[in-house]
Amino acid sequence: MSAPSVYLDAATAAPPHPVARQALLAALDDGWADPARLYTQARRARQLLDAAREAAAATLGVRADELSFTPSGTTAAHSAVLGGLAGRRRVGGALVHSAIEHSAVLHAAERHVAAGGTATCVPVDRLGRVEVAAWSTAVAAPGVALAALIGASHEVGTVQPVAEAAAACAAAGVPLYVDAAQLVGRAPVPGGWSVLTASAHKWGGPPGVGLLVVRKGTRWESPWPADERESGRTPGVVNLPAVVAAAASLRAAAADAAAEAARLAPLVDLIRARVAAEVPDVEVVGDPVDRLPHLVTFSCLYVDGEALLHALDRRGFAVSSGSSCTSSTLRPSHVLEAMGVLSHGNVRVSLHRETTPAQVERFLAELPGIVTELRAEAGVVGL
């Protein structure tokens, strides 16, 4: 009899929160009509949408009219970057971003450059932390319309100096966009930002719901064709049952966030220590202190990342390997390359509310043997 499967990829998508499941089923019965219409069913749908917006905004500490629901976190990121640039096109056409942004932000930057704009990429140190001095210089340059900084690295867990970056942006009069996908519902989001995005399936909400927050007074213009829904910030009818489930699960996840962080951080510390001690020629990457409480990444020399992922999957462990958002391309992670760390045999382990100490112990017990077997198959022995 095979051992039960252990899911360790919450940074990609957390298992559905029980509150999300309950809210989704209830909203399917009550929230199927178009909230923009005037009849009874539509008014009920509108009440659900307004309540979901109020709940999500309250959890984030923002005004309800600053928050819009989008069809995904990726759509929210595209909107944040392209809309922030469009709103300040009279100032200039320069975008500043870190070298470790999510691929959604980098793809939006590529679109901006292809249309005639410019983009400045600010380097990070070996721990994956953006270099604040270089950031401050970049945002103070003439013609900078927007700066983008991920709140915490989705690949290595390093929390970024958002407050310092925001202070530099404020001094230069440049709005700051923060991709808070790995923070919202898990950890506090530092202030000072003008635009923020998040993604519901990261905190246990349903996939297909993103959050876009544009602070009052921020110059922002929708990059999409005109649409009257969601304050004109994103086109189309929202998936209302999913939105209701996202807002309800966000409130529940945020309420438990501190306790969950306190529970998961020691398990991540254990993984960091044991992997370094028990697997030869391994590099645990990311900041050991200023990091997300649920995520750890390490790289194993002489091992192919994809082979390691499949071997772990055969033993019942679901993890990410290589670049977490472009793994289908089989290219090394741009995040690990920017950090200057080992990018082969890369494994990202991310824990969640259902992860148990016993599951972590099982993973740690089996990992060294799996790595040894793969190295032996590749002709690497005697380490």
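The values are calculated or read from the model by the stated rules, or taken from the named source; none is laboratory data. Note that the structure is a prediction, hence the values are computed from the model and not measured. A quick note on method: Cβ atoms are made from the backbone with ideal geometry, for glycine too, and the neighbour counts reach across all protein chains shown. When the accessible area is computed, the model is the full protein with side chains, heavy atoms only, and any ligands, DNA or RNA have been set aside. Shrake-Rupley method; radii C 1.70, N 1.55, O 1.52, S 1.80 Å.
A few remarks follow.
- The set of residues in region 224-240 that are out of contact with any Lys or Arg (no Cβ under 9 Å at 6 or more places or on another chain), more than 14 Å from Val62 (Cβ to Cβ) and not acidic (Asp, Glu) comprises Pro225, Ala226, Arg229, Gly232, Thr234, Asn239, Leu240.
Residues checked against (1) in a strand (DSSP E or B); (2) without any contact (Cβ under 8 Å) to a residue 60 or more places away in the chain; (3) not aliphatic (A, V, I, L, M):
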residue	(1), (2), (3)
Ala13	no, no, no
Leu28	no, no, no
Arg44	no, yes, yes
Ala56	no, no, no
Phe69	yes, no, yes
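- Condition met for Arg37 (open to solvent by 20 Å² or more (accessible area, probe 1.4 Å) and either assigned to a loop (DSSP other than H, G, I, E, B) or of a type in the set (Asp, Glu) (or both)): yes
- Number of residues in region 113-132 that are open to solvent by 40 Å² or more (accessible area, probe 1.4 Å), small (Gly, Ala, Ser) and not in a helix (DSSP H, G or I): the value is 3.
- Trp224 satisfies every condition listed in (1) at pLDDT 95 or above; (2) open to solvent by 10 Å² or more (accessible area, probe 1.4 Å) except (1).
- Taking region 139-229 and the strands (runs of 3 or more DSSP E) fully enclosed by it, the elements with 3 or more residues that are without any contact (Cβ under 8 Å) to a residue 60 or more places away in the chain are at 144-150.
- Within region 334-363, the set of residues being open to solvent by 50 Å² or more (accessible area, probe 1.4 Å), closer than 19 Å to Tyr302 by Cα and assigned to a loop (DSSP other than H, G, I, E, B) comprises His344 only.
- Pairing each residue of region 315-341 that is modelled with pLDDT of 95 or more with any residue that is aromatic (Phe, Trp, Tyr) and open to solvent by 60 Å² or more (accessible area, probe 1.4 Å), provided the two are 6+ apart or on different chains, yields C-beta distances under 6 Å for Ala318/Tyr7.
- Pairs linking a residue in region 78-99 that is open to solvent by less than 30 Å² (accessible area, probe 1.4 Å) to a residue that is of a type in the set (Asp, Glu), with Cβ atoms under 8 Å and 6 or more positions apart or on different chains, are Ala80/Asp179; Gly83/Glu221; Ala86/Glu221; Gly87/Glu221.
- Unique match (being open to solvent by 20 Å² or more (accessible area, probe 1.4 Å), touching a Leu at 6+ places or on another chain (Cβ under 9 Å) and modelled with pLDDT of 95 or more) among Val238, Val244: Val244
- Filtered residue count, region 19-34, keeping only those that are within 25 Å of the chain's Cα centre (by Cα) and either among the β-branched types (Val, Ile, Thr) or surrounded by fewer than 13 Cβ atoms within 10 Å (Cβ to Cβ) (or both): 1
- For Ser231, the criteria (1) modelled with pLDDT of 95 or more; (2) surrounded by fewer than 16 Cβ atoms within 10 Å (Cβ to Cβ) hold in every case but one, which is (1).
- Cβ-Cβ under 6 Å pairs, at least 6 apart or on other chains, region 364-377 side in a helix (DSSP H, G or I), far side acidic (Asp, Glu): Pro368/Glu278
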